[in-house]
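Worksheet for the structure shown next.
The values are calculated or read from the model by the stated rules, or taken from the named source; none is laboratory data. Quick caveat, the model's predicted, so the values are computed rather than measured. So basically every Cβ, Gly included, is an ideal-geometry build from the backbone, and we count neighbours across all protein chains shown.
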């Protein structure tokens, strides 16, 4: 990873490097930019693919691949390509206050600190429906969260009747699990008969008790577009998404994030359901390389502590949301927008997103 990062930076000219290089991660105020992340088609911060020559783009993707499993890399590359599909679905008209609103070239890469150095360093890659955040301390990849992957469209046709569903198992395993529950367990697991408009903790830097859904229009780097017409289009889209969810105060309270997990725990599940739960965790943990994935550490005791909650109907094709929560774990999924054909999924560690606990320990040792 360090070699790939150094090679990419070394291929850049001075003007490119000024955009591509960020400050050393240190948990302080200067580190605030590293901890900003998005999943909307906004400026994610860094050098875009458009701003690079083909050989530099390949070096950038080589770095991205070092932080992902093969399946994770294919999923990210597919998500980037879906921008062309989404553009066609929308009639090639979406702008979002930029030259092209659905653009596979507007994925941003930035390296923070010096790769391979004694001091901490890391990198961030993101664009519409992708956000990868990696931190290396003392030569070890210590943090890979938040890790966001989405798909819009979540399902699209291929030749011969095949279907392109990049996050199919991420959705289907959870549905299989909730539909396998007894009526008593389902009553505890299903928080609401309808789903929120988006996943609950959104792109907050820090997850806190009481977090609720943020309107789409607020999940952008800039508070307002420079083009008033584009800003009004975004506001109307955001309002329409919220209206479709039809959430009242009690609904928000039912699904808001709480430090005490909601739903049913792994210890409440039978053997086949625990197998489904472990497989579902794998669709998140196995996004990263084998040596980094925490899945092997999820023994019976760890599974006991994972809670599963659902909101919305359980039949395929209906808007829905789910959450997995346990010690150092928060996973959220929603497929609610665009007629339940627009999926979001995120894996977080509320106690150590962006490696903040490791940075604290490193600083105490070296300062």
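The set of residues in the range 201-225 that are touching a residue at least 40 places away in the same chain (Cβ under 8 Å) and touching a helix residue (DSSP H, G or I) at 6+ places or on another chain (Cβ under 6 Å) comprises 205, 212, 216, 225.
Every condition in (1) in the same structural domain as residue 342 (by TED's automatic domain parsing); (2) not in a loop (DSSP other than H, G, I, E, B) holds for residue 166 except the one numbered (2).
Could you list, in sequence order, all residues of the range 48-58 that are in a loop (DSSP other than H, G, I, E, B) and under 20 Å from residue 102 (Cβ atoms)?
If the condition is that a residue be in a loop (DSSP other than H, G, I, E, B) and under 20 Å from residue 102 (Cβ atoms), then 52 is the only one that fits.
The residue of the range 328-360 that is farthest from residue 310 (Cα to Cα), among those that are touching a helix residue (DSSP H, G or I) at 6+ places or on another chain (Cβ under 8 Å) and free of Cβ contacts under 8 Å to residues at least 60 places away in the same chain, is 351.
Could you please let me know if residue 343 is at pLDDT 95 or above and buried (at least 17 other Cβ atoms within 10 Å of the Cβ)? The answer is yes for residue 343.
Per-residue answers, yes or no, for (1) assigned by TED's automatic domain parsing to the domain that holds residue 195; (2) surrounded by 13 or more Cβ atoms within 10 Å (Cβ to Cβ); (3) at pLDDT below 95; (4) closer than 26 Å to residue 198 by Cα:
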| residue | (1), (2), (3), (4) |
| --- | --- |
| 257 | yes, yes, no, yes |
| 260 | yes, no, no, yes |
| 266 | yes, yes, no, yes |
| 270 | yes, no, no, no |
| 279 | yes, yes, no, yes |
| 282 | yes, yes, no, yes |
| 290 | yes, no, yes, no |
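Scanning the range 146-188 for residues that are over 23 Å from the mean Cα position of the chain (by Cα) and buried (at least 21 other Cβ atoms within 10 Å of the Cβ) gives a single hit, 181. Here residue 61 clears all of (1) more than 24 Å from residue 346 (Cβ to Cβ); (2) assigned to a helix (DSSP H, G or I) except the condition numbered (1). Of all residues assigned to the range 97-108, none qualifies as being closer than 28 Å to residue 140 by Cβ, in the same structural domain as residue 123 (by TED's automatic domain parsing), touching a residue at least 24 places away in the same chain (Cβ under 8 Å) and out of contact with any helix residue (DSSP H, G or I) (no Cβ under 9 Å at 6 or more places or on another chain). Considering the range 16-47 alone, what residues qualify as being in a helix (DSSP H, G or I) and either touching a helix residue (DSSP H, G or I) at 6+ places or on another chain (Cβ under 9 Å) or buried (at least 16 other Cβ atoms within 10 Å of the Cβ) (or both)? Answer for the range 16-47, where residues must be in a helix (DSSP H, G or I) and either touching a helix residue (DSSP H, G or I) at 6+ places or on another chain (Cβ under 9 Å) or buried (at least 16 other Cβ atoms within 10 Å of the Cβ) (or both): 16, 17, 19, 20, 31, 34, 35. Taking residue 318 as the residue in question, decide whether it is modelled with pLDDT of 95 or more and more than 17 Å from the chain's Cα centre (by Cα). So residue 318 passes the test. Residue check: residue 222 meets all listed conditions (1) surrounded by 18 or more Cβ atoms within 10 Å (Cβ to Cβ); (2) within 30 Å of residue 356 (Cα to Cα); (3) not assigned by TED's automatic domain parsing to the domain that holds residue 320 but one, namely (1). Restricting 217, 240 to residues that are at pLDDT 95 or above, out of contact with any strand residue (DSSP E or B) (no Cβ under 7 Å at 6 or more places or on another chain), surrounded by 15 or more Cβ atoms within 10 Å (Cβ to Cβ) and not in a loop (DSSP other than H, G, I, E, B) narrows the list to 217. Pairing each residue of the range 6-19 that is in the same structural domain as residue 111 (by TED's automatic domain parsing) with any residue that is surrounded by fewer than 16 Cβ atoms within 10 Å (Cβ to Cβ), provided the two are 6+ apart or on different chains, yields C-beta distances under 7 Å for 6/116; 9/17; 11/55. Only residues that are over 23 Å from the mean Cα position of the chain (by Cα) and not in a helix (DSSP H, G or I) were counted across the range 266-312, and they come to 3.
Has the range 249-265 got at least one residue that is under 24 Å from residue 175 (Cβ atoms), touching a helix residue (DSSP H, G or I) at 6+ places or on another chain (Cβ under 7 Å) and part of a helix (DSSP H, G or I)?
Within the range 249-265, the first condition is being under 24 Å from residue 175 (Cβ atoms), and the residues that meet it are 251-252, 254-258, 261-265.
Within this subset, residues satisfying the condition of being touching a helix residue (DSSP H, G or I) at 6+ places or on another chain (Cβ under 7 Å) are 263-265.
Add one more test, that the residue is part of a helix (DSSP H, G or I), and what stays is none.
Scanning the range 249-265, I find no residue that is under 24 Å from residue 175 (Cβ atoms), touching a helix residue (DSSP H, G or I) at 6+ places or on another chain (Cβ under 7 Å) and part of a helix (DSSP H, G or I), so the answer is no.
The residue list 126, 160, 122, 150 contains one member that is assigned to a helix (DSSP H, G or I) and at pLDDT 95 or above, which is 160.
Among residues that are modelled with pLDDT of 95 or more, in a helix (DSSP H, G or I) and in contact with a helix residue (DSSP H, G or I) (Cβ under 6 Å, 6 or more places away or on another chain), residue 234 is included.
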